[in-house]
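Below you'll find the structure, written out as structure tokens, and then a few comments.
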Amino acid sequence: MDGLFTRAQARARGYSAYQVRRRIETGEWRVVLGSVLAERGTRITPHLRDRAAARAVPGSVLAGASAARLLAIPVPDRIACLWVGPLRPGALPAVRYLRDPLRVRDIMTGEGVRHTAPDRTVFDCLRFLDDPAALTLLDRALQAGWITEAELTARVRDFVGRRGAPRLARLARLACSGARSTAERKAIALLRAARIEGWIANQPIRDSSGLIGVGDLVFEAARLVVEIDGRAYHSAPERFERDRERQNRLVRAGWTVLRFTWRDLTARPAYVVGTIRAMLTAGPPR
């Protein structure tokens, strides 16, 4: 169990109001959130505060950052978040309430508490994160399958007319442009500014053995693949090895591979554009 209990539960176990108050005053029990208590020594983590918030508001559902923590979706938002619908709970410190409609399929149960499903969770988090953090989350969410482009588009459409809807629509357009990371979007912006055409973002590439992989930016006519090393969460050793194996297959299949880093895109954009332009001018490898 999580070690949490409410004042009402303490009273039901036979403690008087005075005894409850004295245990809090002496530090034997501590207030976690609202009417929710824990015994001395209990470590109060963001995850425990999330559960305390749900306990403090019966009928609520963990949402936003709280649901993300339960689902192991990394978000920088530390505020507890509850969907409360038509409920009218009193204000709780550092707890955010959501009231907009929640569908039955948006609700799941895990670790004994109700929480929003991954796609709804990601969408709610986007509403409260700043743009850089929101785009980072969205990039990873699309890669991990926590939300799809179709689900994102549908949720944005359903959200029209509410506060923040234009911003969410802009984030969705960026996410659905074909780029799968902030770095890829930066690369695409450089290509467009330089009026370099003929590329496709996230294009599957195959050889005689089948699918090699998905190229970040593919110039099919020139047999050129531009790879953007901008995804921090793809930097594990096994990912490094798979990337090199894929690159070798691409070269064997007659493709030229260019790789650029986030620093290249931001500190040396002329180098990036010049290198790509030079390869396109040279034409496909013979």
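The values are calculated or read from the model by the stated rules, or taken from the named source; none is laboratory data. The model shown is predicted, which means the values in this text are computed figures rather than measured ones. Cβ sites come from the backbone with ideal geometry, for glycine too, and all protein chains shown count toward neighbours. Remember, those area values only see protein heavy atoms, side chains included, never the ligands or the DNA or RNA. Shrake-Rupley method; radii C 1.70, N 1.55, O 1.52, S 1.80 Å.
Per-residue answers, yes or no, for (1) more than 21 Å from Asp119 (Cα to Cα); (2) among the hydrophobic types (A, V, I, L, M, F, W, C):
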{"site": "Gly41", "(1), (2)": "yes, no"}
{"site": "Ala52", "(1), (2)": "yes, yes"}
{"site": "Val61", "(1), (2)": "no, yes"}
{"site": "Ala65", "(1), (2)": "no, yes"}
{"site": "Val75", "(1), (2)": "no, yes"}
{"site": "Val84", "(1), (2)": "no, yes"}
{"site": "Pro89", "(1), (2)": "yes, no"}
Over the stretch 101-121, the set of residues at negative phi and surrounded by fewer than 12 Cβ atoms within 10 Å (Cβ to Cβ) is Pro101, Arg103, Val104, Arg105, Thr109, Gly110
What pairs come up if the first residue lies in the stretch 1-12 and is over 15 Å from Ala53 (Cα atoms), the second is open to solvent by 80 Å² or more (accessible area, probe 1.4 Å) and part of a helix (DSSP H, G or I), and their beta carbons are under 7 Å apart, counting only those six or more places apart or on different chains?
none
Among the residues in the stretch 40-63, are any of a type in the set (S, T, N, Q), more than 23 Å from Thr148 (Cβ to Cβ), surrounded by 12 or more Cβ atoms within 10 Å (Cβ to Cβ) and at pLDDT below 95?
yes
Going through (1) touching a strand residue (DSSP E or B) at 6+ places or on another chain (Cβ under 8 Å); (2) open to solvent by 40 Å² or more (accessible area, probe 1.4 Å); (3) at pLDDT below 90 one by one, Pro237 fails only at (1)
How many residues are more than 19 Å from Arg55 (Cβ to Cβ) and free of Cβ contacts under 8 Å to residues at least 60 places away in the same chain when one looks only at the stretch 72-101?
6
Ser66 vs. criteria at pLDDT 90 or above, under 17 Å from the mean Cα position of the chain (by Cα) and more than 24 Å from Gly27 (Cα to Cα):
yes
Can Arg162 be described as more than 25 Å from Arg51 (Cβ to Cβ), without any contact (Cβ under 8 Å) to a residue 24 or more places away in the chain and open to solvent by 10 Å² or more (accessible area, probe 1.4 Å)?
no
Quick one: which residue in Asp131, Asp124 is open to solvent by less than 10 Å² (accessible area, probe 1.4 Å) and of a type in the set (Asp, Glu)?
Asp124
Only residues that are at pLDDT below 90 and of a type outside the set (Asp, Glu): list them for the stretch 135-160, please.
Leu135, Thr136, Leu137, Leu138, Arg140, Ala141, Leu142, Gln143, Ala144, Gly145
Note: among Ile188, Ile147, Ile212, Ile196, just one is of a type in the set (Val, Ile, Thr), within 26 Å of Leu71 (Cβ to Cβ) and surrounded by 14 or more Cβ atoms within 10 Å (Cβ to Cβ), namely Ile147
Condition (residue is open to solvent by 80 Å² or more (accessible area, probe 1.4 Å) and either modelled with pLDDT under 95 or closer than 17 Å to Arg185 by Cα (or both)) applied to the stretch 253-260: is it met by at least one residue?
no
